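Here the structure is laid out as structure tokens; the discussion comes afterwards.
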């Protein structure tokens, strides 16, 4: 069971990281019985609710509101503006959503060296505030893609800085790896190689997600003819929720982030476990299984 002071901070970087973050926090809120404004649903008896398990991923404000321990970062504001004005806008504090003025244009160097450098100190300051609100920070969950400019360039810059400032804290990655059939930019292979090289020393465990495989699952198992990113992200959220369930609820295995390393990583540099999820059943077929 998560003891007091075992908090995790989630960091969502770039468009992919932010949109997966939306799907994940929507699902976490459903699982914990928290509404869109951050308050526990009236139908749930608060005494039965294990408030300690909520503390791992949520901080409680003085008026009883639960705020996700999360930071959203993008170098351009479009995607994050959707969060600021969307259905879960009441869940996050405005300081948790950080956007720049121009995007990295799928360019690793812009995300890491030029535009990213202007934003990094602000981001680290906001992360420091999140860390200070924790009784005992376990580590960070970093959500990003390897193909985009922000997801690759800015992520590797941030991981390097986190290693310097929070040396012993665990860092788990949930990464969207580029697939040849589902490519949004011609430079994705370069971005992914550069960011893999940079983050190899700074990440403790990295869960890879392949868009192409998830497209196939949506078509084959869920009968979605033309899957959108919303479909993909909801499926990824189910996987992330299953992986982090032991951090958020009472469990015997993988109760903290260091246990993920102990149980899944044979050598420090070989830290890429394959996430598999079954069964994936569509809503129409669920009554027949």
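Tabulated results
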item	result
DSSP-defined antiparallel bridges as percent of all bridges, the chain, nearest 5	20
Length-normalised contact order of region 53-122 in % [C-alpha pairs under 8 Å, at least 6 apart]	28
Cα-based convex hull volume of the chain per residue, rounded to whole Å³	140
Separation in nanometres of the label points that stand 7 Å from Cα toward Cβ, at residue 35 and residue 276	4.2
FRET efficiency, residue 129 to residue 284 (Cβ-Cβ, R0 45 Å, nearest 0.05)	0.50
Most to least packed among 125-136, 194-205 [average Cβ atoms within 10 Å]	194-205, 125-136
Whole-angstrom Cα spans of region 189-233 along principal axes, big to small	40, 22, 15
FRET efficiency for residue 197 and residue 263, using Cβ-Cβ distance with R0 set to 30 Å, rounded to 0.05	0.70
The chain - mean residue ellipticity at 222 nm from DSSP helices (-39,500 (n - 2.57) per run, n ≥ 4, rounded to 500)	-12000 deg cm²/dmol
Mean Cα-pair separation over length for the chain, i.e. relative contact order, pairs under 8 Å, 6 or more apart, %	22
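None of the figures in this text is laboratory data; all of them are computed from the coordinates on show. Bear in mind the structure is a predicted one, so any value in this text is a computation, not a measurement. Reconstructed Cβ throughout: ideal geometry from the backbone, glycine too, with neighbour counts over all protein chains shown.
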